[in-house]
Every structure is written in structure tokens, then in C-alpha cells.
Amino acid sequence: MYRFLLSWQWLIITLVAVVLIPVMVELGFWQLHRHEHKVAQNERISRAVEARPVPVERLTAPGHDIPRGDVWHRVSATGVFDTAHEVVVRRRTNDAEQIGFHVLTPLVLRDGRVLLVNRGWIPANGAQTEFPKIPAPRRGEVTVTGRLMSDETTAASGIKDLRDLPERQVMLINSRQEAHRLGKEVLGGYVEQIAPKPAHDSPELIPEPDHSDIGPHMAYAVQWWIFSAAVPVGWCILARRERRDRAAALAEGAAEEESGAQRPVTV
């Protein structure tokens, strides 16, 4: 009764089912690996943001690329803000999804080297082609505490580093570009300031990254594995339904033949 499984139609259905099962299993493991990566990343960020601040010179130097393990780590630096060479980073949003600028201010350290400090977010309070009004930082020598970040690049951020921007405006925070602009030694990466807090809460400090969300990847993994288990079940259901329909058709044909044979012939 299952000879129909040798037909081309059922051979193709069976082949598709055989291919789908390992593909779905592999997709499930792919989502599982993404879940594990997210969990590990959240744990790394949690350790970094909760760690005691260390002097920034321990983790970076001029021309240094910040390794992934040091990103978000708390650091401290002492120097004087150079507001004359302050720039703003365009098209940045705050928690309320309002578009504005990030304020990037060079902090001149005691040895003359420069650390880039992202002092926070300000609204676009004028024309986009004009340099916005920025609340001044503390005067004199100040000790800044913040989260160490790696340089932003077009490849990593997806943001085009546009040229011919208005004066003192940039699209990306990049220590090498700022070193070229300032003509000084600039420590690699930059710092998101978390202390001291600005007067009148402006600029708005960059909030701590959310390291509690693990995403839906585990649920997606389970779904793919359920789908892979459903394929053979569905195949069996279709095969049994096909067998039942064929048996019913044969029985109906036999009944019609028997009815025709018993029908009286009139002369």
C-alpha cells in the first residue's frame, strides 16, 4: 500500500524533508551560539562597568587599538579640558530618541598627551551648519572617570565619515583623526565621561550600556529544533493520509465495478 512512496513526487518530498532536518538543526545551534555569545558579552560588560577605575595610561597609548576585553572598562585621567579644540559628533540620539550631538572635548594630561572625552549629549539647538552652544566643563585641573571605548570606524559603525562638514563637526570619534587635527599625541580610543557630573545636567552623560538583555536567540534555537522534529512527523502524516485516500479511492472503484456487474440487463 506504500508503493506510492517510490513515485517521483514522493521521492522529491522525502528528499526535501531529509535536507530540511539537518539544516534546521544547524540553524538551531547557530542561534544557540549567538545566545552564548550574548551572555558572555553581557558578563564582560558587567565586569568592566563595575570594576574599579584604573589610570587610563594602563590600558591605552597613542595609536593604540583598544582590545575588546578593555572596552567599557572604567578608567580615570587627570588634566585640563581644551574647549578651544572641542568638536561635536553629529546625528547622535539620547534615551528619548532625540537627535543632537555628542560633545567631544580633548583633555590635556599632565604629560602633554591628549585623551578624548565624550562629555555627553546635547540637543541640536540651532542650525545643523552652526557650532552649537555647549555648556562649559569645569575649569582648571579635573579628574575624569569614564568608560574606555574603542575608536569608531566606518566599517564597525556603518556610519559614513562624511567630508566637507561644518567647522568643528565630525561623524565619528576616532583618535587618529583627532591626532592629525590637533597635531598632538592622542591616546587611542576615547572615554565616555561618568564623573564628575556636569552642572545643570548638561551635557547629558551617556547612560551605562544595557547588559541584562540576552535577546530572543535561545527561543529561536528551540523553535528551529521543534521545526526539525516536526518535519518527519509531518512527512508521516502526509504519507498516511495519502495511503488512506488511495485506499478509499480503490474501495470506491471496486464498489462501482461490483454495482455495475449486479445491475440487471433489460432486453
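A compact table of results
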item	result
Eligible aspartates and glutamates near residue 38 by straight Cα distance, threshold 14 Å, same-chain separation 8 or greater	210, 213
For region 158-257, the Rg and Dmax computed from alpha carbons only, in angstrom	33.0, 100
Kyte-Doolittle mean at least 0.5, axial Cα span of 20 Å or more - DSSP H helices of the chain	none
Peptides ranked, highest mean first, by Cβ atoms within 10 Å: ranges 96-102, 172-178, 207-213, 64-70	172-178, 96-102, 64-70, 207-213
Rg/Rg_ref, region 1-90, where Rg_ref = 2.2 N^0.38 Å and atoms are Cα	2.26
Cβ charges +1 (Lys, Arg) and -1 (Asp, Glu), total dipole of the chain, debye	260
Burial ranking of peptide ranges 32-44, 237-249 (average Cβ count within 10 Å, highest at the top)	32-44, 237-249
Charge dipole (region 1-115, unit charges on Cβ, about Cα centre) - positive-most of 87, 112, 60	60
Longest to shortest principal axis, alpha-carbon extents of the chain, angstrom	123, 40, 33
CD proxy at 222 nm, helix term only [per DSSP H run n ≥ 4: -39500 (n - 2.57); per residue of the chain; nearest 500]	-13500 deg cm²/dmol
Fully extended contour minus Cα-Cα distance, from residue 46 to residue 210, at 0.36 nm per residue	58.1 nm
Tensor-based shape of region 83-202 (alpha-carbon gyration tensor, a/c under 1.5 rounded, otherwise prolate or oblate)	rounded
Inter-site label distance for residue 37 and residue 176 at 7 Å from Cα along Cβ, in nm	2.4
DSSP beta bridges in region 96-213 [antiparallel fraction, %, rounded to 5]	85
Part-to-part distance (alpha-carbon centres) for region 175-240 and region 112-150, which is given in Å	24
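Since every read-out is calculated from the coordinates, none of them should be taken as a lab result. The model shown is predicted, which means the values in this text are computed figures rather than measured ones. We place every Cβ from the backbone using ideal geometry, glycine too, and count neighbours over all the protein chains shown.
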